[in-house]
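Here's the structure, in C-alpha cells; my notes come after.
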Amino acid sequence: MAFAASVGVQHAHALTVYTAGPGNLSKKLAAGFEKKTGIKVDVFQATTGKVMARIEAEQANPRADVLISASWDTAQDLEKRGWLAPFQSANASRVPTPFKTTHYVAQGLSALGIVWNARSGTPEPHDWRDLTKPVYRNLVTMPDPALSGASADLLLGLQARLGSEAWKLFDDLKQNGMVVSGPNAQALNPVLQGAKAAVFGAVDYVAYAAAAQGEAVKVIFPTSGTVIAPRPMMILNTSKQQNEARQFIDYVLSEEGQQMVAEAWLIPAREDIAIKRASFRDLRLLPQGDAQSSSTSRADVLARFAKLNGQHSR
C-alpha cells in the first residue's frame, strides 16, 4: 500500500485520507488537490472493512482526517458515535438531498448488478434468480458482504423487498455452487478470466472500467431491482487539519473533482456532471430504509449469510 511508505514520513501539515477505492481515483484526486492547494495528501486505500478496522484500531492515536467509505451506513454509525465533524460544502448544492447531511456527503455512487461474461457460453441473465438455473451451476461468484459494504447493502435491500424469499434465493444460489469470494475484485477476476460466468452483486464501476478496456463483460441491472451505494465523505472530529479537510471535500465536489469521479465510472454525486453510464435515476431500486441504519440488523444479516455459506462470522 502506498500508505505504508508514506505513514513513516508523513508530510508536515499533510492531510491523511482513508478511502475505500477505487485506487486510481484516490491518487488523481490527491494529485489534483495538491496541485490546486499545495497541501500534500497521504492516502490509505483498502476495502471498507479494512479501512474501518484501521480506524477502530487507531482510536487512541487517530491518524485519519478524511474518511471515504463505500457504504452509507458507515457514516451513519460514526455520526451516532459522535466521531464526525459537521461540514456542509457549498459545492454540495448540486448533490441530491438523499446523498448529503450536515456531517457527510457522497463523493459519488455505485450500483450493484450482475456482471456477465458474454463469452462464457451461458445465456445472458436478466434477474438475480436467473443465476440459480442449472446452466450457471458452479459458474457464479459473489463478493463477501463481510468485506464489501455495497454487497452487504444488497443483502439488506433484497431482504427488505423479498423477506424470507431472499433467503431462499441465497440458499438456491449456494446449492447451485455459487462461490462467495473476498472483496469485489476477487469475485470479478474469475469472470474476467473466463473461469466463471457471472458475478452476483458486483460493484458496477469496476466492470464498466474493464469493459471499456476491451473485456467481454456486461453490466446488467436486474429487472426486479437493485441497490445503489452512495460513497460518503466525512471529516473525523479528531482531525487536527479541519480546514484542510474541508478544502479537500470542497475539491472532490468541485466540477474538476466530480469529473474525475465520472472518469472512474462511478456516478458523480453532483447531477450536473455528464456521464457515459446508467444514472441511479435509470434503475429500479430495492428498498433502502431504516434497516440500513441499524447496525444490529446489519450484523444479524451478515451473520445469517455467513452461516448459510459455511463461513465464520466476522
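The values are calculated or read from the model by the stated rules, or taken from the named source; none is laboratory data. Nothing here was measured: the structure is a model prediction, and the numbers come from that model. Neighbour counts run over all protein chains shown; Cβ positions are idealised from the backbone, glycine included. Heads up: the accessible areas ignore ligands, DNA and RNA and are worked out on the full protein's heavy atoms, side chains in. Shrake-Rupley method; radii C 1.70, N 1.55, O 1.52, S 1.80 Å.
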What is the P(r) of the range 69-206, as percent of Cα-Cα pairs per 10 Å bin from 0?
12, 36, 28, 16, 7, 0
Among beta bridges assigned by DSSP with both residues in the range 91-227, the antiparallel ones amount in percent, to the nearest 5, to 70
Return the percentage of antiparallel bridges among DSSP beta bridges fully within the chain, rounded to the nearest 5 %.
65
So for Asp272, Asp172, Asp65, what's the accessible-area order with a 1.4 Å probe, most first?
Asp272, Asp172, Asp65
With percent of Cα pairs over 31 Å apart in mind, check (i) 55; (ii) 35; (iii) 28 and report the label derived from this structure.
(iii)
Test item: Cα-centred dipole of the range 48-90, Lys/Arg +1 and Asp/Glu -1 on Cβ, debye:
80
If each of Arg94 and Ala118 carries a label point 7 Å out from its Cα toward its Cβ, how far apart are those two points in nm?
3.2
Residue span Ala31 to Ala278: 0.36 nm per residue of separation minus Cα-Cα distance leaves a gain in nm of 86.2 nm
About the Cα centre, and with charges only on the beta carbon of Lys, Arg (+1) and Asp, Glu (-1), how big is the dipole of the chain? Nearest 20 debye, please.
320
In what sequence, largest accessible area first, do Arg270, Arg119, Arg63 appear using a 1.4 Å probe?
Arg119, Arg63, Arg270
Violations at 20 Å Cα threshold for listed pairs Lys168/Lys307; Lys28/Lys218; Lys27/Lys50; Lys133/Lys174; Lys100/Lys276 -> Lys28/Lys218; Lys100/Lys276
State the Cα centre-to-centre distance between the range 20-36 and the range 143-220 in whole Å.
27
Among 279-285, 18-24, how do they line up from the highest to the lowest mean number of other beta-carbon atoms within 10 Å?
18-24, 279-285
How far apart, in nm, are the 7 Å Cα→Cβ label points at Ser224 and Gln193?
3.1
Looking only at Pro232, Pro268, Pro222, which one moves most when the chain is put into a Gaussian network model with springs between Cα atoms under 10 Å?
Pro222
Taking 0.36 nm per residue of separation between Asn237 and Glu56 and subtracting their Cα-Cα distance, the length gained on full extension comes to 63.7 nm
For the range 195-282, count the residues as N, evaluate 2.2 N^0.38 Å, and divide the Cα radius of gyration by that value, please.
1.33
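Accessible area of the chain with a 1.4 Å probe: how many percent of it is carbon plus sulfur?
Values: 6810 of 13640 Å².
Solvent-exposed carbon and sulfur of the chain make up 50 percent of the total.
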Per residue accessible area of the chain, 1.4 Å probe, in Å²:
43
Under the rule of at least 5 residues apart or a separate chain, name every residue whose amide H is placed under 5 Å from the amide H of His103.
Phe87
